[in-house]
1. Filter region 32-77 for residues that are surrounded by fewer than 19 Cβ atoms within 10 Å (Cβ to Cβ) and polar (S, T, N, Q); which is nearest to SER10 (Cα to Cα)?
2. Hey, can you tell me all the residues within region 92-113 that are among the aliphatic types (A, V, I, L, M) and in a loop (DSSP other than H, G, I, E, B)?
3. Checking the condition buried (at least 18 other Cβ atoms within 10 Å of the Cβ) and closer than 17 Å to LEU91 by Cβ, which residue from ALA225, ALA240 passes?
4. Pick out the one residue from LEU285, LEU257 that is of a type in the set (A, V, I, L, M, F, W, C), within 18 Å of GLY315 (Cα to Cα), touching a residue at least 40 places away in the same chain (Cβ under 8 Å) and out of contact with any Phe, Trp or Tyr (no Cβ under 7 Å at 6 or more places or on another chain).
5. For the condition aliphatic (A, V, I, L, M), part of a helix (DSSP H, G or I) and at pLDDT 95 or above, what is the one hit in VAL89, VAL64, VAL28, VAL45?
6. So, restricting to helices (runs of 4 or more DSSP H) that lie completely within region 243-334, which ones have at least 2 residues that are among the basic types (Lys, Arg)?
Amino acid sequence: MPSVLLVDDSVLARVLLQQRFRRHGWQVKWARDGMEALGQWQDEVPDLITMDVEMPRLGGVEAVRRLRQEGYRGPLIMLSSYTRSGAEVTLEALAAGADDFVLKPSSPGELDEAVARLVEKWEALVNVHPAREDTAGPPGRSEVLDPSRVRCWCLVASTGGPRALTELFRGAPRPPVPVVVVQHMPPGFTQAFSQRLSREAGFEVREVTADGRPCGLAEAPAWLAPGGRHLRLTASTVWAEEGPRRHGVIPAADVTLEDAVGAFGGHLGVLVLTGMGEDGAEGALQAHRRGAIVIAEDPSTAVVWGMPRAVVECGAADAVWPLPTIRRWLHAAWGVPAGGRRQ
């Protein structure tokens, strides 16, 4: 029977969450703030910790940081109403070591859905990574992949993606061709995330406007899909639009990738990073068949090896690399070696 530690200063929230988790067959303990969580998690290490953001004495962001420093390695998911208006704080929690977040519900119906989502995320996070030798696909040597032919890069991610993308963009040289990024996020979070990526990179990562207004693809070095909209593009234009969810998500990587394949064919570069599910595999396979470069993150660094695994298993990956290798290679492809001087 799995166990969860609920960290929340709201008595009502703790009671309601406890009821729902017990219906799923979980053992439940709770703490009223980050200090209590630090004082009790080692007594009986929980399989999952859910964490509020705003709490007395010790808030969620610092509690996450200290839990990781003290050695908690299990899934840690932020669950707070504050995340609706405090996207930047949620991103700070992810940077501090949280694996993902779920919005705290405002009604009983939403509560059932939120706990089901928490359980789904926990199952994905605890899924044992396959041994590296069991993965399919070629080893992917950097010398056989020629990035000079790439005319557009597509980077896609889900769970664990904010940290992975932040690492890739940190100190990156300005890309010589357009970059589009699809990160599974709800509305209200992607603007703060685009600003964070821009600060890390030193060049603009612009959120595509959610109103559907088209922009020239070359107007910004990099574009981020807005939460709740699909990112669409041609060889010269980028825009966002509403539409049905695909693989249960919006924005969906496959929608963007299929546009990109149609626009750039074999002159496309695709990076599929950590994430739950199979979004991105169909588009990556189309890209691979047209001769594009497709790189999947290795299970050794992926928080959840779902999306990259789907790419590997369908035979679309030209390379399967851990994140540090992807970062070094991508920085070199964008103009300078990782850690080198900008030109």
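1. Filtering first and then ranking leaves GLN40.
2. ALA98
3. Numbers: ALA240 fails: closer than 17 Å to LEU91 by Cβ.
When all the criteria are applied, what remains is ALA225.
4. So the residue among LEU285, LEU257 that is of a type in the set (A, V, I, L, M, F, W, C), within 18 Å of GLY315 (Cα to Cα), touching a residue at least 40 places away in the same chain (Cβ under 8 Å) and out of contact with any Phe, Trp or Tyr (no Cβ under 7 Å at 6 or more places or on another chain) is LEU257.
5. Checking each option against the conditions leaves just VAL64.
6. Numbers: elements: 253-264, 281-289, 307-313, 323-333.
Correct list: 323-333.
The values are calculated or read from the model by the stated rules, or taken from the named source; none is laboratory data. Nothing here was measured: the structure is a model prediction, and the numbers come from that model. Don't worry about glycine lacking a Cβ; one is built from the backbone with ideal geometry, like all the others, and counts go over all protein chains shown.
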